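The values are calculated or read from the model by the stated rules, or taken from the named source; none is laboratory data. Keep in mind the model is a prediction, meaning the values are calculated, not measured. Please note: Cβ atoms are built from the backbone with ideal geometry, for glycine as well, and neighbour counts cover all protein chains shown. When the accessible area is computed, the model is the full protein with side chains, heavy atoms only, and any ligands, DNA or RNA have been set aside. Shrake-Rupley method; radii C 1.70, N 1.55, O 1.52, S 1.80 Å.
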Amino acid sequence: MNTFFIEFRDPLFSIIIFFTIIFIITFFSYWWGRYKRKEDSKHLNRFLKQFRTLPSHDELKVLISSGGLSEKSWLLLANSYYKNGDYEKSIEIYNEILNTGNKKNIRETMFLLGKTYFKAGFLERSKQVFLEILKKYPRTPEALHYLLLVYEYMKDYKSALEVLEPLDELNEEIMLESAYLEALVCLESQNLTKEEKARKLLEIYKNSNHLALLVFDYLFKTNPKFAWENLDISKSELLSELLWRCDSKDLNLDIITNNAYLRELYTARGDVQLSNDSSIFELDVLIKLAGKAKATLSFEYVCDSCRGTYPFAFNRCSSCHAIDSARVEYSLSKDYSKEFSEENNSFQ
């Protein structure tokens, strides 16, 4: 009889049983873990769904007034909607907090509401909110700065300039804002000729030593000769795109010859042969290629204040609203205009 159960006394059999038990335990643990994760995920999705779909106006009012979530939590939720670009939900939460929330934080909540209206493009509503803040709390520089922005975007430059006075009284720096707004007023004026605008803009630039992109962009478009005569050589790199796109017939060779950077720039473009190399990689490549490749310079602009990058020049950063904070960066790209020109010539 014992011969039938000899395997039970075999050590190899015990090892097999041991590993079988481990396998069974591992198998069920794995699938139980997957099941729990799936259930937890469903629970989390159900929880988040209530925030993806904002409650109705009445439900929101009840939720905020009930105190189920603190006012700080609602403000954080509204801010998350703001950062994700869902301004409508953010605005609705701020409005309900103002209607039912703690009056201690009314100024901060109103400021956030006005800021959200501004970001969403509701400029008139934003203006009214900031004016209401200043009516109750006149010494609020943040509200004044945003009110100035609102007037600027509405092209109400007269009102924007008026905002500078209380900012000055609060010891805020307004020199650059003042020069910028004066330049915008000049550009929008219907009573000035192009020549008068050019001289006025140049005067603003010389007085402030800022706004080179704004001023020289207008000068090169309207009167290239006048622009070259008054060019600030120290700003040549910042104005690279304007100089690069300047028509060959409008170039001032005397000024170009006397400046190392301009010699390199226009040698790279192929207008002159005054440099053999450049410390700027992109210019050096184009100089070495000497027109043998269909390549050209491309430009993008980085805000020195917030590090935002844009494919076009700007005078006020659309992200942080800093003025005259652009820095130019170069890159090489395919020259489609040269390719198109060669294709046209092949048909002739």
How many residues does the stretch 142-167 hold that are within 14 Å of L112 (Cα to Cα) and out of contact with any Ser or Thr (no Cβ under 8 Å at 6 or more places or on another chain)? 5
Going residue by residue through the stretch 292-307, is there one that turns out to be surrounded by 12 or more Cβ atoms within 10 Å (Cβ to Cβ), under 30 Å from the mean Cα position of the chain (by Cα) and assigned to a helix (DSSP H, G or I)? no
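Just need a number here: residues in the stretch 232-245 that are outside any helix (DSSP H, G or I), surrounded by fewer than 20 Cβ atoms within 10 Å (Cβ to Cβ) and not charged (D, E, K, R).
Residues of the stretch 232-245 that are outside any helix (DSSP H, G or I), as a first pass: 232, 236-239, 245.
Still in the running and surrounded by fewer than 20 Cβ atoms within 10 Å (Cβ to Cβ): 232, 236-238, 245.
Now narrow it down to the ones that are not charged (D, E, K, R): 236, 238.
Residues meeting the conditions: 2.
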Residues satisfying the stated conditions in the stretch 111-122, i.e. open to solvent by 40 Å² or more (accessible area, probe 1.4 Å) and either farther than 25 Å from N84 by Cβ or assigned to a helix (DSSP H, G or I) (or both): F111, L112, K115, K119
Pairs under 6 Å by beta carbon, first residue of a type in the set (A, V, I, L, M) in the stretch 116-140, partner open to solvent by 30 Å² or more (accessible area, probe 1.4 Å), six or more apart or different chains? A120/Y87; L123/Y153; L123/M154
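Among the helices (runs of 4 or more DSSP H) confined wholly to the stretch 130-231, which include 2 or more residues that are basic (K, R)? Write out each step before concluding.
Numbers: elements: 141-153, 157-169, 175-188, 194-208, 212-222, 224-229.
Qualifying helices (runs of 4 or more DSSP H): 194-208.
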Among the residues of the stretch 206-225, are any buried (at least 20 other Cβ atoms within 10 Å of the Cβ) and either modelled with pLDDT under 95 or farther than 20 Å from F312 by Cα (or both)? no
Return the pairs, sorted by first residue and then second, in which the second residue is of a type outside the set (A, V, I, L, M) and open to solvent by 30 Å² or more (accessible area, probe 1.4 Å), the first residue lies in the stretch 216-240 and is more than 18 Å from L265 (Cα to Cα), the beta carbons are less than 6 Å apart, and the residues are 6+ apart or on different chains. T222/K194
